[in-house]
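A quick write-up on the structure given underneath.
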Amino acid sequence: QTFGVQRCPTHLLIVMPITIRPIKRTMMPNKNATACNGCPLYDRPMVWSDGPRDAEVMFIGRNPGDVEIRTGRPFTGPAGIRLDKVIGDVGLDRSRVYVTNVVKCHTEENKNPPQDAYRRCITRLKAETLRMKPKLVVVLGRDAEKYVIASQFKFQKVLPIVHPSAALRMPIFEARLRMQTQALGAILDRMSLHVPIISNPLKRARKINVLFSPVEGGNP
Ligand code: URA
């Protein structure tokens, strides 16, 4: 047990005893694992997921970029800085959420990974989500969204939002991401981690609870 600073309802800072649980982080799998056999990205650098195994909120992007293969952690480049802002703005702590990608390997010139890489890697992601059972999955950008929704993961409530790199590229997407960040904050508040289904217009998404952002037309 240790002591930490907490806010009390009158906004005075008080010092209270708090218990700090040790964080169990995930282990990088061996690339010789069966899912990598024959994958077109087999020889590319891999960046594994980051975060505690008991995280309740999971963020899923597409695949690691140039900075990520140097740091060995997902979302540590410019898109990562923008993602950290989303996480901070909704009152979450990055060290307490799980951040990962659908495809764990880097692609030359950061191209969209080939379909076969998605198909193989999604089995890993599925295993991660089955093990962790996060209460909310936030999917970043269209490419990740397409595969996560098509694979019909159970247990999760899924909120697809704009990819942080798209927000950095275009002010219109930045504005959309800000709106979605507010929606995410409201969802987290309402949830005390129990989220009602807002809408579910995709037939193939019936088995999972897809929380659509309030904007029509999909996310970049
Ligand atoms: N973009 C992603 O989708 N994932 C990363 O890890 C970095 C950038």
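Which condition number in (1) touching a residue at least 12 places away in the same chain (Cβ under 8 Å); (2) closer than 16 Å to TRP48 by Cβ is the one that THR76 fails?
Failing condition for THR76: (1).
Pick from ASP89, ASP66, ASP54, ASP93: which is at pLDDT 95 or above and charged (D, E, K, R)? Explain how you work it out, then say what you get.
Details: ASP89 fails: at pLDDT 95 or above; ASP54 fails: at pLDDT 95 or above; ASP93 fails: at pLDDT 95 or above.
Checking each option against the conditions leaves just ASP66.
Please tell me if ARG176 is modelled with pLDDT under 65 and not in a loop (DSSP other than H, G, I, E, B).
no
Quick check on this structure: which one of GLU145, GLU128 is under 14 Å from SER49 (Cα atoms), in contact (Cβ under 8 Å) with a residue 40 or more places away in the chain and within 16 Å of the ligand (Cβ to nearest atom)?
That would be GLU128, the only listed residue that is under 14 Å from SER49 (Cα atoms), in contact (Cβ under 8 Å) with a residue 40 or more places away in the chain and within 16 Å of the ligand (Cβ to nearest atom).
Within the group PRO78, PRO74, which residue is loosely packed, with under 15 Cβ neighbours inside 10 Å and modelled with pLDDT of 95 or more?
Only one candidate qualifies: PRO78.
Select from region 98-117 the residues that are over 14 Å from the mean Cα position of the chain (by Cα), within 13 Å of the ligand (Cβ to nearest atom) and part of a loop (DSSP other than H, G, I, E, B) and list them in ascending order. Write out each step before concluding.
Restricting attention to region 98-117, the residues satisfying the condition of being over 14 Å from the mean Cα position of the chain (by Cα) are 105-117.
Within this subset, residues satisfying the condition of being within 13 Å of the ligand (Cβ to nearest atom) are 105-107, 110-113.
Hits for region 98-117 are HIS106, THR107, LYS111, ASN112, PRO113.
Just give me the residues in region 39-97 being in a helix (DSSP H, G or I) and away from the ligand (no atom under 11 Å from the Cβ), in sequence order.
ARG70, ASP84, LYS85, VAL86, ILE87, GLY88, ASP89, ARG94, SER95, ARG96
The values are calculated or read from the model by the stated rules, or taken from the named source; none is laboratory data. It should be emphasised that the depicted structure is a prediction, and the values quoted were computed from it without experimental measurement. Every residue, glycine among them, receives a Cβ derived from its backbone with ideal geometry; neighbour counts consider all protein chains shown.
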